[in-house]
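Each remark here refers to the structure printed beneath this line.
The values are calculated or read from the model by the stated rules, or taken from the named source; none is laboratory data. Model, not experiment: these values are computed from the prediction. Reconstructed Cβ throughout: ideal geometry from the backbone, glycine too, with neighbour counts over all protein chains shown. Note: accessible area is taken over every heavy atom of the protein model, side chains too, but ligands, DNA and RNA are not part of it. Shrake-Rupley method; radii C 1.70, N 1.55, O 1.52, S 1.80 Å.
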Number of protein chains: 2
Amino acid sequence: MDDERDVRRRVIEAADRLFYAQGIQAVGMDAIRSEARVSLKRLYSLFASKDDLVAAVLADRSRQWDAGISAAAASAEGPRERLLAIYDFLGTWFREDGFRGCAFINSFGELGGVSPQVAEAVREQKASFRRYVDDLVAEAGGPPALGAQLAILAEGAQTTAAISGDTTAAADARTAAETLITTALATSG
Amino acid sequence: MDDERDVRRRVIEAADRLFYAQGIQAVGMDAIRSEARVSLKRLYSLFASKDDLVAAVLADRSRQWDAGISAAAASAEGPRERLLAIYDFLGTWFREDGFRGCAFINSFGELGGVSPQVAEAVREQKASFRRYVDDLVAEAGGPPALGAQLAILAEGAQTTAAISGDTTAAADARTAAETLITTALATSG
DNA sequence: TTGCCTTGAGAACGATCGTTCTCTACTCTA
DNA sequence: TAGAGTAGAGAACGATCGTTCTCAAGGCAA
């Protein structure tokens, strides 16, 4: 018998796969039901509505992102290397099969104008990443403006890789980040 | 009597307003009909399908973008200033009422996975911008990699401004661009 | 004026979607 | 074994969408 937690996880992962590949509105609850091998009744007992499921998927993506960034930072020494590890993490992500950009950016583009919940979830995810970068910049002794610059590079790399399919955007962003960090530390130090 | 060209323009502008504010799938043909004050019959005589209208709207957005970039570059002297003018252009755009990010990025996030036409239109728009940047970089005597970096900054500024609502992303990107250009020219020259 | 063609307004159609309901099969308890 | 409760499969419902069709009103040639 399937544990409720297992089923919940299976539904979230199935929905995430479909949403990410096709967009949220293009995926019906029935397709999610099929992909997750769950009855509609069970699906709606776990999530009250599609909006709820979307929120759960975004929350899960947020956890995955944090875990990925943390893992990439774990093998880096010092704040500067941990900052640069962000772009290495992006690079391996971009090369994954089926990569289609940042799910948060995509969701915002699709539903940010009509769904305040989605818009807020995306904003919070980006604000959280921004805080992470700012903290590392402060730890490295860099000026606050550097955090904004490095975050912009990360966002730009994601959109560029998604649209043009050019996975080298991560390496380009990393090179730019190195220059910006070096310059900022030389000026402020 | 309304000239066919006038009506066509009115429809494209109405559809663009609605698509940009709410997303493409969230806007029905009937809403466009109302906004443009055109009969459904006339709408379908001008555009064979919603897909055709979407393509026309994106093409029009592309022309607007080119015109805006050109206008911003017109008052700048030399390739370096024309490159930086891009970020000034972004800054004034970000501050406009109803700004909700780059329509191409948004459209790609919404329909890039299911509509090859939309995906291709967005790709072409971004490739065209990239060529523009690359040409200016070459004119300035910078290395090819600089073009990629500056384009990533522009994309990242658009995404950041859209989601966080932070209009200073343009200025942050401009500052970063100045550093990258200066460093690249000092190294290569 | 008469008849024809075009046009606008919106009803209608077929498809799809989110959500709920029905019905059946099955499991567990007493 | 009998009966109550649960869960799955999918039909059904109401809404909405893209698209087409109907029909009445109006302009224009003769």
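So if each residue of separation counts as 0.36 nm, and I subtract the Cα-Cα distance between residue B:135 and residue B:66, what length gain in nm does that give?
23.4 nm
Let me have the relative contact order for segment B:40-108, percent, based on Cα pairs under 8 Å that are six or more residues apart.
That works out to 21 percent.
Quick one: net charge around residue B:103, please, counting Lys, Arg +1 and Asp, Glu -1 for every other residue with C-beta under 15 Å from its C-beta.
-3
For segment A:9-72 and segment B:71-98, write down the distance between their C-alpha centroids in whole Å.
Using only Cα atoms, the two centres lie 40 Å from each other.
Relative contact order for chain B: what is it in percent, counting Cα pairs under 8 Å that are at least 6 residues apart?
Relative contact order of chain B: 20 percent.
With the calculation restricted to Cα positions, what are the radius of gyration and Dmax of the protein assembly as shown in angstrom?
Cα radius of gyration and Dmax of the protein assembly as shown are 21.8, 72 Å respectively.
Hey, what's the protein assembly as shown come to in accessible area per residue, 1.4 Å probe, Å²?
I get 45 Å² per residue for this part.
Helix-only estimate, please: 222 nm mean residue ellipticity of the protein assembly as shown, summing -39500 (n - 2.57) across DSSP H runs of length 4 or more and dividing by its residues, to the nearest 500.
The helix-only estimate for the protein assembly as shown comes to -26500 deg cm²/dmol at 222 nm.
Could you tell me which of A:169, B:79, A:7 has its Cα farthest along the dipole of the protein assembly as shown towards the positive end, charges placed at Cβ (Lys, Arg +1; Asp, Glu -1), taken about the Cα centre?
The residue sitting farthest along the positive end of the dipole is A:7.
Enter the Cα centre distance for the pair segment A:130-182 and segment B:115-189, rounded to the nearest angstrom.
What the calculation gives is 13 Å, centre to centre.
Can you list the lysines whose alpha carbon is less than 16 Å from that of residue A:50, not counting same-chain residues fewer than 8 positions off?
Partners within reach: A:41.
Given a cut-off of 11 Å, what percent of all Cα-Cα pairs of segment B:1-47 lie beyond it?
Percentage above 11 Å: 63.
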